[in-house]
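Since the structure comes first, as structure tokens, the remarks are kept for the end.
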Amino acid sequence: MWKDFKNFALKGNVLDLAFAVVIGAAFGKIVTSLVGDIITPVIGLLSGGIDLEGLQYTYGSAVLKYGVFLQSVIDFFIIAFSLFLLVRIAGKFKRKREEAPKAEPAPTREEVLLSEIRDLLKNK
């Protein structure tokens, strides 16, 4: 049983997944900081400093904090748009790299011989 577990845990796919989770967590912190520390304050300045998180409805002793929900929805759209732009820019870089001109393959032996025959016939 230990041997089977060791084979499973050390397969490439499991290790790749583990690295992806760690990198994803670190990338999540970067995106959260981008939204919370850069994009949201800029949007707040442009909108006149509106604070949605303070919006709430009180009925008796129950408090419905719909402002927090609205802010979460806006944060989601900001994060989704930021990731969309990141993926789009990465795709452009990848396409530019793929579109680099490739060297033409060297002619085959048969093509070289046919070219020589053609040149000899031209000279006659």
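Need one value: the accessible area of Leu64 in square angstrom, 1.4 angstrom probe, rounded to the nearest 10.
100 Å²
When you have a sec, figure out the Kirkwood radius of the range 43-85 from all distinct Cα pair distances and drop it here in Å to one decimal?
Final number for the Kirkwood radius of the range 43-85 is 11.8 Å.
Computing the accessible area with a 1.4 Å probe over protein heavy atoms, can you report the carbon and sulfur percentage for the chain?
68 percent
Among Phe5, Phe27, what's the order by accessible area (1.4 angstrom probe), most exposed first?
Phe5, Phe27
Quick one: 3J(HN,Hα) in Hz for the range 29-45, Karplus 6.51/-1.76/1.60 with θ = phi - 60°, rounded, Gly and Pro as x.
Per-residue couplings from phi come out as 5, 5, 5, 4, 5, 4, 6, x, 9, 10, 6, 4, x, 5, 5, x, 5 Hz.
In this model, which of Lys11/Lys94; Lys29/Lys96; Lys11/Lys102 are farther than 32 Å apart at the alpha-carbon?
Lys11/Lys102
Based on Cβ point charges of +1 for Lys and Arg and -1 for Asp and Glu, what charge dipole magnitude is obtained for the chain about its Cα centre, in debye rounded to the nearest 20?
The dipole of the chain has a size of about 460 debye.
If I compute semi-axes √(5λ) of the Cα gyration tensor in Å from the structure I just sent, which labelled value in (i) 27, 17, 11; (ii) 60, 29, 10; (iii) 19, 18, 14 lines up?
Calculated semi-axes √(5λ) of the Cα gyration tensor in Å: the matching label is (ii).
For the pair Glu110 and Phe77, how long in nm is the line joining their label points, each one 7 Å along Cα→Cβ?
Once both label points are built, they end up 6.2 nm from each other.
Heads up, I need the accessible area for Ser61: 1.4 angstrom probe, whole protein in place, Å², nearest 10.
Ser61 exposes around 120 Å² with every protein chain in place.
The values are calculated or read from the model by the stated rules, or taken from the named source; none is laboratory data. From a predicted model like this one, the values you see are computed outputs, not experimental measurements. Cβ coordinates were reconstructed from backbone atoms using ideal geometry, including for glycine residues, and neighbour counts include every protein chain displayed. With ligands, DNA and RNA removed, areas are computed over all heavy atoms of the protein, side chains included. Shrake-Rupley method; radii C 1.70, N 1.55, O 1.52, S 1.80 Å.
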